[in-house]
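Heads up, the thing below is written out as structure tokens.
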Amino acid sequence: MSRSQAIADILTRAILDHRLVPGCKLGERELSEIFDVSRIVIRQSLIRLADDGLAQIERNRGAFVARPSMQDAMEIYDALTLVEQGVAAQLSDRLGPAGWAELRQHVERQRQAVASGNDALADVLGQEFHTVFVRLSRNKVMQEIHAQLVRRTTLLRSLITADFDYCNLLDDHARVVELLEKGRLKPAMELIDAHHRSVVRGYIMDRQVFPELTPREALEPYLDGKAGEAPKPAPRKKTGDRGGTGAHAHVHTAK
């Protein structure tokens, strides 16, 4: 792994953990001092982040953690819908008994988390359902595209104020599996679209987010080793806080 890629991975992790928040300045000089590398290496890392939609590079101003707009949110979830609808079409025709069993087991784990009031686990399982769903297509290109889109939703969750409705979330997932297993592709695809649209409606995009940490403070937990080594996990905000959600939260608005 190149040095620029290793640094880009650390910056990505800090963004996904909400330690580097939307609008945070990613100064080349400061980052080069933090990572003890040249500004050229940092510039390459920032370009990688921009390619993933996690940073914005502005002429004469430098790089910033991307601050998505409502239009961005709509486009990201439209893309997620298209990918997952494509996967649904594949699974409806090709998925075998073991695959359907895995999806049902995942839904059951969600059901148990909701029943026990374990919101943090319900968040994680809600996000993982979509990852498992796409993985079962065995289409690596779709998996890569989906993973990139999911990373971009993390920025949106930094700007969110929303209610959680885990029962509706669970019902959507269970219903999609049921419909596809019965070969009812059209209503399953319609439900996937409705599911993502309900998430977008929960975003309040004009909420101000102010950095609580300097870039050095934000990156400190990842710098015990040299760039390229696995960083330690950063602290996560509690799920359901008004200021945002955990990095794996699957947000759903109350109906």
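Observations
- For first residues located in segment 203-230 and at positive phi, partners that are surrounded by 13 or more Cβ atoms within 10 Å (Cβ to Cβ) and modelled with pLDDT of 70 or more and lie 6+ apart or on another chain with Cβ distances below 6 Å form the pairs G228/A6.
- The condition (being assigned by TED's automatic domain parsing to the domain that holds E30 and of a type outside the set (A, V, I, L, M, F, W, C)) is satisfied by just one residue among E75, E58, E102, E84: E58.
- Single unsatisfied condition, I47 versus (1) over 23 Å from A73 (Cβ atoms); (2) aliphatic (A, V, I, L, M); (3) touching a Leu at 6+ places or on another chain (Cβ under 9 Å): (3)
- Matching entry among Q90, Q110 (being touching a residue at least 40 places away in the same chain (Cβ under 8 Å) and either touching a Lys or Arg at 6+ places or on another chain (Cβ under 8 Å) or over 16 Å from L180 (Cα atoms) (or both)): Q110
- Filtered residue count, segment 175-211, keeping only those that are of a type in the set (A, V, I, L, M) and modelled with pLDDT of 95 or more: 9
- Residue in segment 58-102 that is farthest from L156 (Cα to Cα), counting only those that are basic (K, R) and surrounded by fewer than 16 Cβ atoms within 10 Å (Cβ to Cβ): R94
- Qualifying residue in segment 32-47 (condition: assigned to a helix (DSSP H, G or I), touching a Cys at 6+ places or on another chain (Cβ under 9 Å), touching a residue at least 24 places away in the same chain (Cβ under 8 Å) and not assigned by TED's automatic domain parsing to the domain that holds A147): no
- Scan of segment 48-71 for residues that are in a helix (DSSP H, G or I) and without any contact (Cβ under 8 Å) to a residue 24 or more places away in the chain, ordered by number: A50, D51, Q71
- Subset of segment 65-81 [closer than 29 Å to L31 by Cβ and β-branched (V, I, T)]: V65, I76
The values are calculated or read from the model by the stated rules, or taken from the named source; none is laboratory data. The structure displayed is predicted, hence computed values, not measured ones. Cβ coordinates were reconstructed from backbone atoms using ideal geometry, including for glycine residues, and neighbour counts include every protein chain displayed.
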